[in-house]
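Report on one structure; see the data block that follows.
The values are calculated or read from the model by the stated rules, or taken from the named source; none is laboratory data. Fair warning: this is a prediction, and the values are worked out from it, not measured in the lab. Here the Cβ positions follow ideal geometry from the backbone for every residue, glycine too, while neighbour counts run over all protein chains shown. These accessible areas exclude ligands, DNA and RNA; they are computed on the full protein's heavy atoms, side chains included. Shrake-Rupley method; radii C 1.70, N 1.55, O 1.52, S 1.80 Å.
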Amino acid sequence: MTDIPMGETAGAVTDARSASRLLFIDNIRWSMIILVLSMHASDTYSPFGNWYYVDRQRTGLGTALFFGVYQSFLQAFFMAALFFIAGYFSAAAYDRKGFSRFLRDRLVRLGLPTLLYLLVIGPLTQYFLSRTWGSGGFGHQWLLHLKDGEWLSETGPMWFCAALLVFAIIYGLIRLTGWKESRIEPAGDRRDGAAVAIFIAIMAASTFLVRVGMSEGASVLNVHPGDFPQYILMFAAGAFGSRGHWITELPERFCIQWASLALTLAIPLFAALILFGGGLQGETAQYAGGFNPVSAGKCLWEALVCVGMGLLMLAVYRRHFDRQGPVARWLSDNAFGVYLIHPPILIGSAILLHAVALNAIAKALLLTAVAAVGSFAASAFVLRKSPLRAIV
């Protein structure tokens, strides 16, 4: 099985496309990248979320509720799915390359794009588009940015690559001791079902415990620490899954059954959180963490959605989207480039769309489409035609 950039995700060397390539994983990968654009477009107009540039108007309860549900739903699974894929292919990559080559590859494929964003793309975006920097000229502000160390916390969406690089280094050091994941063969039986349930419980409990001790504004690599238990567990599950070929061997019926159960349980739980957690009254503090039943319920809901959507996507994409024509291949080839370059394009598009008279939901949908077209074009016709092709 070849490595997949950004579907390993941005952490692997792109080998020649071959018959053994898991095309449905490539298709999941670029689908998740489009959802990233959708999330940031929603952040632009929604009353929720953080983003460089916002164009928020007063919205009614229905619009706010839509954005709250949609953004919470995406946040619960889409980046975790990429961490699982990354972990899955990291195990095989280490087996082939050993510690030195594995680490060097990750530093090039993850570290260099992150530095490019930290030192070039991010600063240009903040100064010229979102205008979140001070005055005195770009060069002056850029030097201040370096001197005060602020650039280290300005990863933007590249927090994913920074976190994945840390995960890869830790994983490589663990493997260097001689340890190797045990082979767990999927059978799709009750034992596997119990393992899924236990995994969901561990994810919910660990997330809850971390959020008990962390304030809402805490941030590591531009990510709330309360999100890391999910990402760590999904990366680890991917690494263990590699030995038993879970992505290809886990029975479809098992995936559908457990996805259906998890997502079915998530629906009334989410409704209860909205009705009784204070959301309808605008009291959202308990959702962010603390030792309270609302935070505990939200953590359980996120775990159910994370695992449920992961299993559902595996079953659906494996059966129906395990092939690629020219368009899907082009989308796949440019997915990481889009992830890297989309912030200035999305923000520039939002500025141009400022005067368009649409409600917030329609405008977020329009911005997603415009930014997707612009970002894929920039990746294909600029990034991949330049020396940067080697790292995107």
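Numbers below:
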| item | result |
| --- | --- |
| Computed over the chain: relative contact order in percent, which uses C-alpha pairs under 8 Å that are six or more apart | 27 percent |
| Interchain or long-range residues, amide H under 5 Å from Leu353's placed H | none |
| At R0 = 22 Å, FRET efficiency that the Cβ-Cβ distance of Ser153 and Leu124 yields, to 0.05 | 0.80 |
| At R0 = 45 Å, FRET efficiency that the Cβ-Cβ distance of Ala369 and Arg190 yields, to 0.05 | 0.50 |
| Whichever lysines have a C-alpha closer than 30 Å to that of Lys97, once near sequence neighbours (fewer than 8 apart) are set aside | Lys180, Lys385 |
| Where labels lie 7 Å past Cα in the beta-carbon direction, separation of Ser182 and Gln257 in nm | 2.3 nm |
| Per residue value of the accessible surface for segment 93-189 (all protein chains in place, 1.4 Å probe), Å² | 50 Å² |
| Kyte-Doolittle mean at least -0.5 and Cα axial length at least 20 Å: DSSP H helices in the chain | 23-45, 61-106, 159-176, 190-212, 228-243, 252-276, 293-320, 335-352, 360-381 |
| Reachable aspartates and glutamates from Lys147, criterion Cα separation under 19 angstrom, eight or more residues apart if same chain | none |
| Förster radius 56 Å - calculated FRET efficiency between Arg58 and Arg323 (Cβ-Cβ, nearest 0.05) | 0.75 |
| Residues of type aspartates and glutamates that Lys298 reaches as a straight line, Cα spacing below 13 Å, ignoring anything fewer than 8 places off in the same chain | Asp227 |
| Accessible surface of the chain [probe 1.4 Å, protein heavy atoms]: carbon and sulfur percent | 67 percent |
| Accessible area (Å², per residue) of segment 322-369, counting only protein heavy atoms and a probe of 1.4 Å | 43 Å² |
